[in-house]
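To start, the structure under review is shown below, and the notes come after it.
Each value in this text was obtained by applying a stated rule to the coordinates, not by laboratory testing. Fair warning: this is a prediction, and the values are worked out from it, not measured in the lab. With ideal geometry, Cβ positions are generated from the backbone for all residues, glycine too; neighbour counts draw on all protein chains shown.
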Amino acid sequence: MPTALGRGLLGRCPACGHSHIFNGFLRVVPACSNCGAPLGAARADDAPPYFTIAITGHIVIPGMLVLEQMKSPPLWVHAVIWIPLTLVLCLGLLRPIKGATVGLMLKLGMMKTEDEAEPDAPLP
């Protein structure tokens with residue numbers, strides 16, 4: 001499992017570690033071009049943004065509180081420091097966290113099968 005998570009964090013196929021997992025910034029390739037692992041069947045959905053927000057919040061909020069307690073700067077200083085840092089952390093962490101989530105899902109066998117109906121599809 002640590003191998004699959006690490007390969008996903010690096011943007012590589014969690015199964016073989018050779019090809020890329022992403023076709024764009026966050027679009028996962030349908031299958032690995034090297035080993036054929038069904039990467040596109042992983043429905044990561046809301047997990048990567050949730051983990052990204054949680055990690056970013058655990059970095060930014062304590063920093064804001066410590067700065068406020070030590071120096072008590074004006075609000076514009078907080079805005080100049082913390083807004084860009086929050087944006088950089090969110091955009092920088094989202095892709096590796098999505099890769100790790102896809103790796104975890106592949107390792108645990110949590111892939112969407114062809115038999116499963118889409119949630120919005122009408123029932124027969």
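Scanning region 64-77 for residues that are under 19 Å from MET110 (Cα atoms), out of contact with any His (no Cβ under 8 Å at 6 or more places or on another chain) and among the aromatic types (Phe, Trp, Tyr) turns up nothing.
Taken over region 76-103, residues that are under 27 Å from LEU39 (Cα atoms) and hydrophobic (A, V, I, L, M, F, W, C) amount to 9. The set of residues in region 1-32 being over 25 Å from CYS90 (Cβ atoms), free of Cβ contacts under 8 Å to residues at least 40 places away in the same chain and among the aliphatic types (A, V, I, L, M) consists of ALA31 alone.
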